[in-house]
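The block underneath contains the structure these notes are about, expressed in structure tokens.
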Amino acid sequence: MYLITGATGNVGNPLARQLHEQGHPVRVLVRNPARAADLPAEIERAVGDLDNPDDVANAVKGVDAVFLIQVGSGTDQTKVMIDAVRNAGNTRIVLLSSVGARLMPIRDNPVIGGALAAREDLMRESGLGVTYLRPNGFASNALWWLDSIRAGKVVDPTGEGRLAVIDPEDVARCAAIVLTEDGHVGKGYTLTGPEALTSREQVAIIAEVTDQMIDFQEVTPREFTRAQIANGVPAEQAQALEYLNTVFRKGRAAYVTDDVRNLTGRAPGTFREWCERSADALR
């Protein structure tokens, strides 16, 4: 039995489906069962919250491995899961982390990167059997631009910084393998798409695939932060994103790895392929 958290999201949902299709028993931990209504009926639903130790303890009973996607900030949910798994016995954890946890020095991205690194540190110190999946940015993050796409202009602060964004389906394929196969405990995998693109290049691909006219305006991370705050984004959140955008702008996450191919035997999909599959959602 495999427990999947975040099963209503871009990675957890396809992961639960893939495991079910492969014949594995699957349980998902969801706060609202209605949001998991599209999953096969044979997948077991555990209703609960990652912040609630009793909910998590009940969800991990009898499972062989847990796929952990945290929501929110901080490390509280990490601690809850570690305690639950330790009490449950021989249960492994596959943690969905991020490249941001390993981009040193962490002081360049202290809020988001710092939280990711702290979660990994807790997992390592726990003594449990943990595997770390560290994807680059998701191709599906392009949907954050949706209002701007529909308005005909995307404003972005990452300049010439490149990002090898990955299709969430490819992350799910990798997760299915490290959950169900031996030999991955203690290892970390950096998951990227096959090419590193600037935001301007991504927007151009979206425009071409969806047959839309989309202008692109480059601003600095500080200008972007000021505009966000003026539009009502909390200053603390906007500042955290400024650190992250500055790291991206410097090209610190521009690298491409072979980890997806090495794990799955198949190359990851391109950003264009994701856009073609998601064209309706991008219009």
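Since every read-out is calculated from the coordinates, none of them should be taken as a lab result. All values reported here derive from a predicted model rather than from experimental measurement. When we count neighbours, we look across all protein chains shown, and the Cβ atoms used for this are built from the backbone with ideal geometry, even at glycine.
For region 89-169, the list of GluC sites (Glu not before Pro) that fall in a loop by DSSP and count at most 15 other C-beta atoms within 10 angstrom reads GLU160. When the GluC sites (Glu not before Pro) in region 1-59 are filtered for DSSP coil states and for at most 15 other beta-carbon atoms within 10 Å of their beta-carbon, the remaining sites are GLU42.
Rounded, prolate or oblate, given the Cα gyration tensor of region 177-283, with a/c below 1.5 counting as rounded? It comes out oblate by the Cα gyration axes. Rounded to the nearest 20 debye, the dipole magnitude of the chain is 380 debye, with +1 charges on Lys and Arg beta carbons, -1 on Asp and Glu beta carbons, and the Cα centre as origin. Placing +1 on the Cβ of every Lys and Arg and -1 on the Cβ of every Asp and Glu, with no other charges, gives region 1-134 a dipole of roughly 240 debye about its Cα centre. With the helix formula -39500 (n - 2.57) applied to DSSP H stretches of n ≥ 4, the chain reaches a computed 222 nm mean residue ellipticity of -12000 deg cm²/dmol. Note that the chain shows a convex hull volume over its alpha carbon atoms of 130 Å³ per residue. Each of VAL94, CYS275, MET213 was placed along the dipole of the chain (beta-carbon charges, centred on the mean Cα), and the one lying farthest toward the positive end is VAL94.
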